[in-house]
Structures are given as C-alpha cells and as structure tokens.
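Chemist: Next up is a structure, given as structure tokens.
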Amino acid sequence: MQKYLEDPLLVDGYKFDIRCYLLVACNDPHYKAYFHPGYCRMSLEKYTVDGFGKGQDASSAFVHLTNAAIQKKHALYEQKKENQVSTSFPCIIRPPPIVYVPSCS
C-alpha cells in the first residue's frame, strides 16, 4: 500500500528531486569514496493538489513528476528547461569530493 504525500517539501512552490552519486573504491586495506554533489530537478509547474485523483489529465504529471521524460513533453519545456535542473539550489549540500577511510574490512 502506498500513500501520496499531499504536503511535500517544495522549493519556491515546485516539487523537486535531488540526484547525487557516490563511488566507493576498495584497494585492501584502504578504500576511497568519491562523492559528486549532484543536481536538483524541478517540475515545470507549481505544486497543487487541485483535481488530484479525480480523473487527472496528462497535464497533472507536470506538477507531480520531475522525470525528464515527462517534463520534456511540456509545451513550455524549451523556454523553461534551463530552470528545471540546477546545481546551485540551497537544498544541495556540498561535502568534500574525496573521503579517506582507513580499512575495507
């Protein structure tokens, strides 16, 4: 069973997701972790629950989903795409790029 969050965390009224990456390389007895700060993807329309779950049309996907395959079908995507993906939002924390840990075991 799943429940949709009707009051999600928003950035300036828009839904978002954060993508970040971590690579852990082990060379016994040490390993290194490489972290990329990632990016933040925004929906192209401000968040609302109006009409949600009541025979929604395809346009509601632009509000609720940040997926690029969905967002690029938006009529104003070409005009707004520069604002959809960002690495400068305050919600992205930038730790040091390399972390050393003494042992793999």
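The values are calculated or read from the model by the stated rules, or taken from the named source; none is laboratory data. Not measured: the values here are computed from a predicted model. Neighbour counts are summed over all protein chains in view; Cβ atoms, including those assigned to glycine, are modelled from backbone coordinates with ideal geometry.
Chemist: Would you call Lys73 surrounded by 11 or more Cβ atoms within 10 Å (Cβ to Cβ), in a helix (DSSP H, G or I), out of contact with any strand residue (DSSP E or B) (no Cβ under 8 Å at 6 or more places or on another chain) and modelled with pLDDT of 70 or more?
Modeler: On the way: surrounded by 11 or more Cβ atoms within 10 Å (Cβ to Cβ): yes; in a helix (DSSP H, G or I): no; out of contact with any strand residue (DSSP E or B) (no Cβ under 8 Å at 6 or more places or on another chain): yes; modelled with pLDDT of 70 or more: yes.
Spelling it out, it is not the case that Lys73 is surrounded by 11 or more Cβ atoms within 10 Å (Cβ to Cβ), in a helix (DSSP H, G or I), out of contact with any strand residue (DSSP E or B) (no Cβ under 8 Å at 6 or more places or on another chain) and modelled with pLDDT of 70 or more.
Chemist: Out of Cys40, Cys104, report the one residue that is closer than 21 Å to Phe16 by Cβ and either surrounded by 11 or more Cβ atoms within 10 Å (Cβ to Cβ) or modelled with pLDDT of 60 or more (or both).
Modeler: On the way: Cys104 fails: closer than 21 Å to Phe16 by Cβ.
Exactly one of Cys40, Cys104 is closer than 21 Å to Phe16 by Cβ and either surrounded by 11 or more Cβ atoms within 10 Å (Cβ to Cβ) or modelled with pLDDT of 60 or more (or both), namely Cys40.
Chemist: For region 1-55: of the residues being of a type in the set (Ser, Thr, Tyr) and not in a loop (DSSP other than H, G, I, E, B), which is farthest from Thr87 (Cα to Cα)? Talk me through it step by step, then tell me what you get.
Modeler: Taking region 1-55 first, the residues of a type in the set (Ser, Thr, Tyr) are 4, 14, 21, 31, 34, 39, 43, 47-48.
Cutting the leftovers down to not in a loop (DSSP other than H, G, I, E, B) gives us 14, 21, 31, 34, 39.
Values: Tyr14: 16, Tyr21: 13, Tyr31: 27, Tyr34: 17, Tyr39: 5 Å.
The qualifying residue farthest from Thr87 (Cα to Cα) is Tyr31.
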